[in-house]
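Quick notes on the structure that follows.
The values are calculated or read from the model by the stated rules, or taken from the named source; none is laboratory data. Source: prediction; values computed, not measured. Positions of Cβ are generated from backbone atoms using ideal geometry, with glycine treated the same way; all protein chains shown enter the neighbour counts. Keep in mind that these areas ignore ligands, DNA and RNA; they rest on the heavy atoms of the full protein, side chains included. Shrake-Rupley method; radii C 1.70, N 1.55, O 1.52, S 1.80 Å.
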Amino acid sequence: MAGTKLFRRGAVALLQDLIRDSAGEATSTTSLLRQARIVARRLRVLEADRWIESELFGYSNDQVPAYRGPIEVRTYGRFHGPFGSSMDGAPVALSLLPDPFNAEAFRSVHLRHGVSELEDLLKAGTRELKMPWSPDLVARFNYLQNRGDFTLYEGMGAFSIWRSLPTAHLRSVLDGVRARILDFALQLEAEDPEAGERAGESLVPEEKAKEIFQTVINGPGANVALGSRNFTQNSYAAPARSDAELIESLRQAGVNERLIVDLEAALTADRAESDGELTEPGPRVQGWLGRVLALGGRSTSEVGTGVTAGVITQLVLAYFGLAG
């Protein structure tokens, strides 16, 4: 076994804890990443260590995993006009605007935030993530409109403009991270069925550990990007107009009946808490979407036949008017 790197007992015990914690909901994703970092370093899987660091502290370069973007956003603004008139939260149709406002960079975002920041946003009960345009961009918007290059709202200038992203996308990113941690730990364990069970050392070749990590990050389900323009989906009809139509479209797409029943229950519970009005995914539907993404990250067969987690998510978000 010369040249083989050993996964020592301290990491083995941690591996078993990692599997248990990532399969549950009690442990934060931030804590799971810290545990996974110990495993990655003891296995000397540098690629995993770099991925974990980026997930913990945020992505600073142009390359982010596909599950973090590009994600399409909607744009809104606050506009002021004569005689004290104003509109707050008015839609901004980028297709009506000249360059550079109709460029792809204004239509989509990459979520570069560290996992702890995403968790804090969800804990705060934030329903959307607002990303404001800079004052310079707003000033240029007003300048070009006043010059006559375009007219968005007659006689009204922009006070502020922002991009809006529903927090359902934040939850999906976190669930995507958790699914990858779980897969990484389970596949390592599969290399030694007694890992974490017996005292001593568990043999996991360093190259095999690297291969497992690459499979987890770049394998099936790893490239699901909600709302991404690079996402290829099946050609379905227009977005569903009722819960019943949504359920039927998912059933026709091949989604597992167990998941469909769970979604029906989630929709009913969320509607009950919002007095029947449900204009965006409620907490239970958001949790269902995260579960689908996590299942799809492990195996497409767990979500249905001939359908991916990305297609399912697109169908549901389109129903709420949140998918491009």
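The residues of the stretch 244-263 that are open to solvent by less than 40 Å² (accessible area, probe 1.4 Å), part of a helix (DSSP H, G or I) and in contact (Cβ under 8 Å) with a residue 24 or more places away in the chain, listed by number, are Leu246, Ser249, Leu250, Ala253, Leu259, Leu263. Being farther than 30 Å from Ser274 by Cα, open to solvent by less than 50 Å² (accessible area, probe 1.4 Å) and touching a helix residue (DSSP H, G or I) at 6+ places or on another chain (Cβ under 7 Å) is a property that Leu129 lacks. Summed over the stretch 108-121, the residues that are touching a strand residue (DSSP E or B) at 6+ places or on another chain (Cβ under 6 Å) and free of Cβ contacts under 8 Å to residues at least 40 places away in the same chain give a count of 0. Across the stretch 47-65, the number of residues qualifying as within 25 Å of Glu207 (Cβ to Cβ) and surrounded by 13 or more Cβ atoms within 10 Å (Cβ to Cβ) comes to 9.
The residue of the stretch 168-216 that is modelled with the highest pLDDT, among those that are assigned to a helix (DSSP H, G or I), of a type in the set (D, E, K, R) and within 16 Å of Arg44 (Cβ to Cβ), is Glu211.
Scanning the stretch 271-294 for residues that are open to solvent by less than 20 Å² (accessible area, probe 1.4 Å) and more than 17 Å from His169 (Cβ to Cβ) yields no hits at all.
Against the list (1) in contact (Cβ under 8 Å) with a residue 40 or more places away in the chain; (2) of a type in the set (A, V, I, L, M); (3) under 27 Å from Asp21 (Cβ atoms), the condition Ala124 fails is (1).
Of all residue pairs spaced 6 or more apart or on separate chains, those with beta-carbon atoms under 9 Å, a first member in the stretch 83-105 that is surrounded by 11 or more Cβ atoms within 10 Å (Cβ to Cβ) and a second member that is at pLDDT 85 or above and among the basic types (Lys, Arg) are Ser86/Arg78; Met87/Arg78; Asp88/Arg78; Ala90/Arg78; Pro91/Arg74; Val92/Arg74; Leu94/Arg107; Phe101/Arg140. Of the numbered criteria (1) surrounded by fewer than 16 Cβ atoms within 10 Å (Cβ to Cβ); (2) at pLDDT 85 or above; (3) touching a strand residue (DSSP E or B) at 6+ places or on another chain (Cβ under 7 Å), the one Thr4 fails is (2). A count restricted to the stretch 134-165 and to residues that are over 14 Å from Pro91 (Cα atoms) and within 28 Å of the chain's Cα centre (by Cα) stands at 2. Taking the listed residues Gly287, Gly324, Gly276, the one that is within 22 Å of Thr126 (Cβ to Cβ) and modelled with pLDDT under 75 is Gly324, with no other qualifying.
Scanning the stretch 132-151 for residues that are in contact (Cβ under 8 Å) with a residue 12 or more places away in the chain and either of a type in the set (D, E, K, R) or farther than 12 Å from Thr75 by Cα (or both), we see that the one that is most open to solvent (accessible area, probe 1.4 Å) is Asp149.
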